[in-house]
1. Restricting segment 443-474 to residues that are within 11 Å of the ligand (Cβ to nearest atom) and not hydroxyl-bearing (Ser, Thr, Tyr), which is nearest to Phe292 (Cα to Cα)?
2. Asp262 - would you say it is charged (D, E, K, R) and in contact with a His (Cβ under 6 Å, 6 or more places away or on another chain)?
3. Condition first: of a type outside the set (Lys, Arg), within 21 Å of Thr335 (Cα to Cα), near the ligand (Cβ under 10 Å from one of its atoms) and modelled with pLDDT of 95 or more. Can you find one or more residues in segment 435-442 that meet it?
4. For Leu330, only one of the following conditions fails: (1) within 16 Å of the ligand (Cβ to nearest atom); (2) within 30 Å of Cys474 (Cβ to Cβ). What is its number?
5. Could you go through segment 404-422 and let me know if any residue there is of a type in the set (Asp, Glu), more than 24 Å from Phe350 (Cα to Cα) and in contact with a strand residue (DSSP E or B) (Cβ under 9 Å, 6 or more places away or on another chain).
6. One residue is enough: does segment 245-258 have a residue meeting the conditions within 30 Å of Leu27 (Cα to Cα) and either assigned to a loop (DSSP other than H, G, I, E, B) or at pLDDT 95 or above (or both)?
7. Does Leu336 satisfy being within 28 Å of Pro478 (Cα to Cα), away from the ligand (no atom under 16 Å from the Cβ) and in contact (Cβ under 8 Å) with a residue 40 or more places away in the chain?
8. Give segment 481-502 a look and list any residue that's more than 20 Å from the chain's Cα centre (by Cα) and surrounded by 21 or more Cβ atoms within 10 Å (Cβ to Cβ), or say none.
Amino acid sequence: MDSSPVKSTFGKAEYRVQDKLKTMNPLIQTRADYDLAYQKSVEDPEGFWAELASTFEWKKPWDSVLKWDFIKPDIQWFAGGKLNITENCLDRHLATRGDQTAILWEPNDPNAEVRRYTYRDLYHEVCKTANSLKALGVKKGDRICFYMPMVPELAIAVLACARIGAVHSVVFAGFSANALADRVKDAACKVVICSDYNDRGSKHIPVKEVVDQALAMDCDCVEHVLVLKHTGDPVQWTEGRDLWWHDQVDHQPDTCPAEVMDSEDMLFILYTSGSTGKPKGVVHTCGGYMVFTWYSFLNVFQYQDNDVYFCTADIGWITGHSYIVYGPLLAGATTLMFEGVPTYPTPSRFWDIVDKHKVNQFYTAPTAIRALMAMGEEWVTGHDLSSLKVLGSVGEPINEEAWKWYHDHVGRGTVPIVDTWWQTETGGILISPLPNVTPMKPCYATLPLPGIQPCLVNSSGEEIEGNDVEGLLCMKFPWPSILRTTYGDHERCRTTYFSMYKGMYFTGDGARRDADGLYRIIGRVDDVINVSGHRIGTAEVENAINCHPDVVESAVVGYPHPIKGQGIYAYVITQHEVKDEAAFRKEVLQVVTKEIGPIAKPDQIQLVTGLPKTRSGKIMRRILRKIASADTSGMGDTSTLLNPEIVDEIKAGALAPTKS
Ligand code: PRX
């Protein structure tokens with residue numbers, strides 16, 4: 001499936017592309033621009049992406065634009081090309097926008113000082129941090145784990161890794177010590193970077209203590225812990241291993257040569273949940289990720305010079321990687337980073353920030369919109385939100401009510417909403433409206449970006465043609481930021497994404513294509529649930545619950561939740577009769593918090609004496625999902641069950657659905 005290489009030299013590319021594209025403006029401004037770009041991207045993907053990639057500084061041009069094989073899988077974009085992504089995020093902007101704010105940091109405490117880093121400041125801070133990592137013996141290819149609050153030093157150190165070719169693995173700081181230890185060990189990280197504490201909302205979180213607990217779990221690979229003094233409260237110290245950020249970084253030279261990276265060298269690992277086993281480390285590489293995050297950022301947010309862009313995600317998730325750090329900085333944007341939570345000190349915090357910093361593009365998750373909607377529109381009114389030009393949504397399906405509230409109350413009924421569909425594995429946004437360019441429709445992610453070739457297939461893997469149809473969402477052709485592998489286990493990558501439907505990337509989502517060809521994402525079709533926009537594997541939660549000494553077996557399913565999108569419903573079989581159910585439930589929540597973190601705590605725990613199983617011993621989750629959702633439409637065919645009588649028992653004991 002190798003597509004023939006296109007010869008290119010930086011600056012003067014010889015593309016098999018028609019004249020129009022040679023002068024293609026990367027910013028799509030009209031429907032005609034979109035149609036043309038989309039058509040070109042399908043007819044001549046190599047020419048299309050080569051043209052866009054030529055915008056960047058390459059230390060050496062690529063030998064081939066694309067080589068791909070979705071069977072192995074083996075995907076290479078701009079192979080042989082040499083670059084460093086940080087030169088394109090930072091150095092390249094110094095001459096033209098050195099004094100422009102690159103990162104604008106809004107602290108948790110609204111009265112604390114806002115921090116601004118110009119592109120020049122950021123460049124020097126990244127170089128200093130890169131030099132300090134080098135001084136610790138960190139080399140190209142070494143893995144560095146992050147467990148940090150949303151402070152500018154997180155973005156700085158991530159870029160410092162990229163500067164010297166180290167691979168960053170950012171772990172969301174809400175995960176437990178056990179979960180952190182698993183991730184540190186899986187990637188054999190040499191250094192962990194953390195803070196002393198984290199103030200998030202009214203919570204004071206002992207970040208370093210969690211790292212200490214994690215590293216006590218056989219993390220022998222870790223040589224050093226670099227600790228940022230953030231709140232200044234006292235911490236335990238392991239001499240020799242632990243080092244203060246200010247001691248290591250502050251005195252370093254403020255320039256640092258950028259490591260020469262191959263386009264296909266690893267840039268980062270990010271762990272995400274699947275339907276089976278432990279979370280897997282999704283691997284992204286340098287060149288393709290750079291081109292796609294920049295291009296998608298520019299177009300989905302229609303970013304223009306001097307705009308202030310605010311994405312509320314945490315850098316612990318892919319949204320933060322691609323659309324707080326890399327995409328915006330590659331585009332020379334001002335990216336606002338927020339340390340806190342939407343409800344602290346009041347539910348108007350987002351709108352205070354938008355008003356205070358005159359935010360132009362605002363990107364958040366439906367769960368936050370629903371939570372704020374439930375608190376009443378009085379928290380929004382009274383703010384000057386007239387600076388807003390684009391509103392974004394990401395992470396889960398946005399229901400019509402939330403979409404309308406967002407549009408009417410935040411967007412004054414006029415600001416376009418981009419419902420962006422993508423995944424950790426896709427690296428960037430694949431399906432989304434382009435504001436004021438392509439149509440928007442509530443609940444619909446609408447159209448693929450140029451270069452993206454989605455299709456719907458049936459369960460036998462046959463493509464479903466035409467419109468007004470529903471199926472499993474796959475991608476027929478690679479795009480530059482598609483995952484390359486899962487760290488240390490390529491076979492897992494193959495079986496999870498590329499083996500289900502031959503010759504295609506399978507997303508795990510079901511989707512509908514309406515009469516006009518617009519896509520609506522229905523949700524996961526596997527055993528992954530989406531709780532407040534966080535992706536959680538039901539098997540992971542079950543494994544955690546099963547760590548409780550009295551639990552014999554458990555089954556976890558998702559059910560509709562008015563705020564979280566999906567809630568976690570756990571059916572649990574115990575060894576002994578439970579005398580104090582409330583105390584038992586508390587223990588289960590504790591064990592899940594310890595194994596994974598509070599985000600995976602079940603909302604409902606039902607004690608049962610058995611689970612509906614097929615003769616081959618498989619749990620029939622379809623039935624459990626129906627009961628958890630209080631769906632009264634009948635249980636369907638239960639004749640293949642080994643123990644059909646259990647269904648009525650479980651139904652009789654079902655817990656009331658969550659009201660709020
Ligand atoms: O089910 C889809 C849902 O989130 C999943 C990906 O989760 P994660 O890798 O954590 O990345 C989230 C941020 C990109 C998808 O398989 N999802 C994401 N965006 C949307 C969505 N579901 C519906 N609409 C969306 N806009």
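The values are calculated or read from the model by the stated rules, or taken from the named source; none is laboratory data. This structure is a prediction, so every number in the text was calculated from the model and none was measured. Don't worry about glycine lacking a Cβ; one is built from the backbone with ideal geometry, like all the others, and counts go over all protein chains shown.
1. The first filter runs over segment 443-474 and keeps only residues within 11 Å of the ligand (Cβ to nearest atom), leaving 443-446, 473.
Checking which are not hydroxyl-bearing (Ser, Thr, Tyr) leaves us with 443, 445, 473.
Details: Cys443: 24, Ala445: 18, Leu473: 20 Å.
So the residue we want is Ala445.
2. On the way: charged (D, E, K, R): yes; in contact with a His (Cβ under 6 Å, 6 or more places away or on another chain): no.
No, not satisfied.
3. Taking segment 435-442 first, the residues of a type outside the set (Lys, Arg) are 435-440, 442.
Now drop any that are not within 21 Å of Thr335 (Cα to Cα), which leaves 435.
Subset that is near the ligand (Cβ under 10 Å from one of its atoms): none.
Within segment 435-442, not a single residue is of a type outside the set (Lys, Arg), within 21 Å of Thr335 (Cα to Cα), near the ligand (Cβ under 10 Å from one of its atoms) and modelled with pLDDT of 95 or more.
4. If we test Leu330 against (1) within 16 Å of the ligand (Cβ to nearest atom); (2) within 30 Å of Cys474 (Cβ to Cβ), just (1) comes out false.
5. Going residue by residue through segment 404-422, those that are of a type in the set (Asp, Glu) are 408, 419.
Checking the rest, the ones that are also more than 24 Å from Phe350 (Cα to Cα) come to none.
Looking through segment 404-422, none of the residues is of a type in the set (Asp, Glu), more than 24 Å from Phe350 (Cα to Cα) and in contact with a strand residue (DSSP E or B) (Cβ under 9 Å, 6 or more places away or on another chain).
6. Of segment 245-258, the ones within 30 Å of Leu27 (Cα to Cα) are 258.
Next cut, either assigned to a loop (DSSP other than H, G, I, E, B) or at pLDDT 95 or above (or both) only: 258.
Yes, because at least one residue in segment 245-258 is within 30 Å of Leu27 (Cα to Cα) and either assigned to a loop (DSSP other than H, G, I, E, B) or at pLDDT 95 or above (or both).
7. Working: within 28 Å of Pro478 (Cα to Cα): no; away from the ligand (no atom under 16 Å from the Cβ): yes; in contact (Cβ under 8 Å) with a residue 40 or more places away in the chain: yes.
In short, no.
8. Within segment 481-502, Tyr501 is the sole residue that qualifies.
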